[in-house]
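These notes concern the structure reproduced below.
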Amino acid sequence: MSRHYAGVVVVFFFMLFTTPGAAQIEEGTYVGASVGLGLVAPEDETDISGSGFYAQAEYILNLTNWFGVRPYAGFVIASGTSDEEAMKDYNMKSNAFLLGTKVRVAAPIPYVAPFIELGVGVSVGSFETYTPLTEVRKNGFLLHVPYSLGVAVGRRHQVDIKFTYYHHPSADQFSGAFAGGFSFKLD
């Protein structure tokens, strides 16, 4: 790990465990919704990607002010082709319903809480990865691994801004989004 990344990790954990308790992420149950610009890209290094639409709903159980569990359901519809004339026949597509659970670890900093998420889920839909290095077409149920980087903002951290991705190993692609969301407290 380079010194730069090691420094970022040290600062993140220092802030995570030394921030005062006021105005932090609250424990409890929430419902969250997010929408954004959907994305799809291959695992290989080919310069082909696509865009589209993304939406997701979550049931949020914040166990502490820095850790929560998030079952989710959503969908991504994204496709695209290469901009290069020599590769115009190659394309990407991900039209999928997403279902799974992820966990969030957040730095409970007042008004701005950076977070990471990781989980496991299943996608139902159609996937196409057609590049000079990969040719995969899949329909049906596929395992995916969701991961996100983002920030929860506001007095009660109810607004999320995040980059969220769903790695589909059997389709040799990942889909995801640049998204924004809002959560409502249930209890």
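Quick look at the numbers
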{"item": "Selected residue (criterion: nearest to GLN173 (Cα to Cα)) from residues of segment 86-121 that are among the basic types (Lys, Arg) and open to solvent by 30 Å² or more (accessible area, probe 1.4 Å)", "result": "LYS93"}
{"item": "Conditions (1) at pLDDT 95 or above; (2) among the polar types (S, T, N, Q); (3) touching a helix residue (DSSP H, G or I) at 6+ places or on another chain (Cβ under 9 Å): number failed by THR129", "result": "(1)"}
{"item": "Out of ALA86, ALA73, ALA57, sole residue that is out of contact with any Ser or Thr (no Cβ under 7 Å at 6 or more places or on another chain), free of Cβ contacts under 8 Å to residues at least 24 places away in the same chain and of a type outside the set (Val, Ile, Thr)", "result": "ALA86"}
{"item": "Residue in segment 172-182 that is open to solvent by 30 Å² or more (accessible area, probe 1.4 Å), without any contact (Cβ under 8 Å) to a residue 40 or more places away in the chain and part of a strand (DSSP E or B) present", "result": "no"}
{"item": "Every residue from segment 140-152 that is at pLDDT 95 or above and among the hydrophobic types (A, V, I, L, M, F, W, C)", "result": "PHE141, LEU142, LEU143, VAL145, LEU149, VAL151"}
{"item": "So VAL31, is it among the β-branched types (Val, Ile, Thr), modelled with pLDDT of 95 or more and surrounded by 21 or more Cβ atoms within 10 Å (Cβ to Cβ)", "result": "no"}
{"item": "Output for segment 135-149, where each listed residue is in contact (Cβ under 8 Å) with a residue 12 or more places away in the chain and either open to solvent by 20 Å² or more (accessible area, probe 1.4 Å) or of a type in the set (D, E, K, R) (or both)", "result": "VAL136, LYS138, ASN139, GLY140, PHE141, LEU143, VAL145, TYR147, LEU149"}
{"item": "Verdict on LEU98 being touching a residue at least 60 places away in the same chain (Cβ under 8 Å) and over 21 Å from the mean Cα position of the chain (by Cα)", "result": "no"}
{"item": "Selection from segment 52-71 of residues that are under 22 Å from VAL124 (Cα atoms), touching a Gly at 6+ places or on another chain (Cβ under 6 Å) and surrounded by 17 or more Cβ atoms within 10 Å (Cβ to Cβ)", "result": "GLY52, TYR54, ALA55, GLN56, GLU58"}
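The values are calculated or read from the model by the stated rules, or taken from the named source; none is laboratory data. Predicted, not measured: the structure shown is a model, and the values here were computed from it. In this analysis, Cβ positions are derived from the backbone assuming ideal geometry, glycine residues included, and neighbour counts consider all displayed protein chains. Keep in mind that these areas ignore ligands, DNA and RNA; they rest on the heavy atoms of the full protein, side chains included. Shrake-Rupley method; radii C 1.70, N 1.55, O 1.52, S 1.80 Å.
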